[in-house]
1. Give the separation of the Cα centroids, region 47-111 to region 137-169, in Å.
2. What ranking, highest mean first, results for peptides 66-74, 179-187 when packing means the other Cβ atoms within 10 Å averaged over each residue?
3. For region 53-212, what log10 I(q)/I(0) values come out of the Debye formula at q = 0.12, 0.13, 0.15 1/Å, with one point per alpha carbon and no solvent?
4. Considering only the other residues whose Cβ falls under 12 Å of the Cβ of Ser142, what net charge follows from Lys and Arg at +1 and Asp and Glu at -1?
5. What figure in square angstrom, to the nearest 10, would you give for the accessible area of Lys253 with a 1.4 Å probe?
6. Determine one quarter of the surface area of the Cα convex hull of region 75-154, which equals its mean projected area, and express it in nm² to one decimal.
7. I need the per residue convex hull volume for region 74-120, using only the alpha carbons, in cubic angstrom as a whole number.
8. How high is the FRET efficiency from Asn264 to Ser163, r the C-beta distance, R0 30 Å, rounded to 0.05?
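The values are calculated or read from the model by the stated rules, or taken from the named source; none is laboratory data. Since the model is a prediction, treat every value here as computed from it, not as a measurement. For neighbour counting, all protein chains shown are included, and Cβ atoms are generated from backbone atoms with ideal geometry for every residue, glycine included. The accessibility values were calculated without ligands, DNA or RNA, using every heavy atom of the protein model including side chains. Shrake-Rupley method; radii C 1.70, N 1.55, O 1.52, S 1.80 Å.
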Amino acid sequence: MRIEGFLKVVLYFLLLLSGMNSVAQKELDSSITASKNKIFEDPNKAISIGNEIYLKATQPETKVNALMLISNAYLSKRDNLKSLEYALKSREFLNEISSIRTRINVLNTIGMQHQQLRIYDKSIEYLDEALQLSKQITNPDSLASLLGYNYTIRGFIYREQMSCEIALNYFEKAFNEFEKKSENKTMIANLSTITYNKGNCFLQLSQVDSARVNFNKSIIYAEEVGAKSLYAFAKKGLSEVYTIEGKYTKAIKELKEAEEASSNVGDLILNQGIYKNLSDNYLAINDHKFYNLYFKKYSEVQKRISEKEQTTINSSINNLIEESYSSTEKTLSNLNIVWWVLIVLILTSIIIFGSLSIKNHKKYKEAKEKLETLKA
């Protein structure tokens, strides 16, 4: 009886620990969900939270979600090297994860990294793999955000490789997916991103009015979720409409608001665009003092971007080489196994064939001797 009582206590204690662990994991998952809004608003905070959750997490899926949070936050900061590092790190846990949604999210993110590095073929491979996995989900509406990301990245690729007409089709598909979850703050931020990129495409197609409409929509979506970087991008886009129309003072006003909003964001690409446009517009109104000021800022940021891009590309090349080397080693290892199996099969066949030949020869000899005996 005492042993039974002791076992009951142990069982109760284990169940209690299991319950506590489950609650702890749910709290970590909730923290990740809540922190997604900080990706654009305060990426450094999102990175800090992600690292903390990653260290505490015991479940592979929670670890991957934490790594995705960090990766996307670095992507928001345009630090592609760090973003790629954490995205690739999350891939190590994929085989331990049963959730198709999480696996699609990882593949989408790695696809985006390769798009950022202009390695388009590799990007499409990951995006296609993610899209193939999505077919296993019976309710497509539950994948709205993931499909939206997939279409968005494809839009970026086709805009850079082909044309804005093709890209706009994918941006529209992405917009329709994100709009299904428009009560979600992250999805609203995505709507701001999509409408900003649509605005850029319309500018390239010289459809100024359509560009203006989309930039204004992007500003509204960004304000709704307090996404400063997205707000600044949209303002920069709107300034380009005013510049085309020759309204340089209005363009400068929009750009100054963008500069103020992005002061703590640390997005070099955004700053580069703002400084370049400010220098151009100040030059247009013959204000050489501010033209020189912003052209100098633009040149400094451009230099920093070039240095970062070179470092990121070098790192990406090294990763691809390592991946290729690992794949080659695996193939050679498999070939060695096949070779040894063939050798064993050949030796076994020789032994069996030899044994049968000896037996048949022996039987033949016995039959011949018996025949000769009968003849005698």
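1. Value for the Cα centre distance between the two parts: 21 Å.
2. Numbers: 66-74: 25.6, 179-187: 16.0.
By packing density, highest mean first, the sequence is 66-74, 179-187.
3. For region 53-212, the Cα-only Debye profile gives -0.52, -0.61, -0.82.
4. Values: positive: Arg101, Lys180, Lys181; negative: Asp141, Glu177.
Net charge in that neighbourhood comes out at +1.
5. Counting only protein heavy atoms, the figure is 110 Å².
6. Details: hull surface 20.3 nm².
That works out to 5.1 nm², a quarter of the Cα hull's surface.
7. On the way: hull volume 3.2 nm³, N = 47.
For region 74-120, the hull spanned by Cα atoms encloses 67 Å³ per residue.
8. Working: r = 36 Å, r/R0 = 1.20.
Plugging the Cβ-Cβ distance into 1/(1 + (r/R0)^6) gives 0.25.
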